[in-house]
């Protein structure tokens, strides 16, 4: 990557961190925060409305929920596993994951906004969760060792990265052999007019741009994933869709791609 391109990526990253830091402050002040209007997605699959059961979760975690789906529902978390949430925000997915993996497991939350980390830690304390840890850092440079995580989840965050291939490469690195990726994100139809696509992305809060399904598949394969599925869940405005992206890291070093949809 050229020096100019790296500078552009850093500026986008800084802008995203500032924006979500301000949303975290609003949530701590008791305000409901939004990154797009619920009506932009059919079926209301937006924020805390995307979850089947939020019983017992702190109000602060619910207020700060900015996702476009429920990755917990498809992550198949098991007792004793280590799970990592990329872009954990107010901590709702980490707290739900912690319940699934139980006291012998652990749930990490990674976020680049210090204010979100502070909010999430406060929510974890209120929830009495002891098997969680919130880490400050960037999803393009995950501060965890190789092969240290059983499952990676994320909820409408990868679209906010200016270096999406690196995010998926880093996810592959920290997953154990046989580890699983289960994320919610927003994808775009192939062939959209660039102006129409940019306008739709702005309306749903995807300020850094979305991937098409074809682009997602290619990036997953290049990162090393050999089995992956992309399932559209709800239509959004202007040819965008919320979707569940699932992938598995192979147990061997083979990099041949077997894509299923």
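The values are calculated or read from the model by the stated rules, or taken from the named source; none is laboratory data. Please read all numbers here as calculations on a predicted model, not as lab measurements. Reconstructed Cβ throughout: ideal geometry from the backbone, glycine too, with neighbour counts over all protein chains shown.
Couple of notes before you dig in:
- For residue 34, the conditions (1) at pLDDT below 70; (2) buried (at least 22 other Cβ atoms within 10 Å of the Cβ) all hold with the exception of (2).
- Close pairs from region 4-15: first within 11 Å of residue 161 (Cα to Cα), partner surrounded by fewer than 12 Cβ atoms within 10 Å (Cβ to Cβ) and modelled with pLDDT under 80, Cβ under 8 Å, at least 6 apart: 9/1
- Qualifying residues in region 125-144 (those that are in contact with a helix residue (DSSP H, G or I) (Cβ under 6 Å, 6 or more places away or on another chain) and farther than 18 Å from residue 177 by Cβ) - the one modelled with the lowest pLDDT: 127
- Residues of region 102-131 classified as in contact (Cβ under 8 Å) with a residue 40 or more places away in the chain, closer than 22 Å to residue 78 by Cβ and under 17 Å from the mean Cα position of the chain (by Cα), total: 1
- Enumeration of residues in region 119-133 that are surrounded by fewer than 23 Cβ atoms within 10 Å (Cβ to Cβ) and touching a strand residue (DSSP E or B) at 6+ places or on another chain (Cβ under 9 Å): 121, 129, 131, 133
- Inside region 138-149, residues that are in a strand (DSSP E or B) and buried (at least 21 other Cβ atoms within 10 Å of the Cβ) make up a count of 1.
- For region 97-126, residues that are under 24 Å from residue 22 (Cβ atoms) and in a helix (DSSP H, G or I) total 13.
- Any chance residue 147 is at pLDDT 95 or above, under 30 Å from residue 79 (Cβ atoms) and over 16 Å from the mean Cα position of the chain (by Cα): yes
- Screening residue 178 on (1) in contact (Cβ under 8 Å) with a residue 60 or more places away in the chain; (2) within 22 Å of residue 75 (Cα to Cα); (3) touching a helix residue (DSSP H, G or I) at 6+ places or on another chain (Cβ under 6 Å) shows it passes everything except condition (3).
- Here is the figure for region 210-229: residues that are over 20 Å from residue 178 (Cβ atoms) and crowded, with 16+ Cβ neighbours inside 10 Å total 7.
- Looking at 67, 91, 105, 80, just one residue is crowded, with 24+ Cβ neighbours inside 10 Å and at pLDDT 75 or above, and that residue is 91.
- The residues of region 127-137 that are part of a loop (DSSP other than H, G, I, E, B) and more than 24 Å from residue 13 (Cα to Cα), listed by number, are 128, 129, 130, 131.
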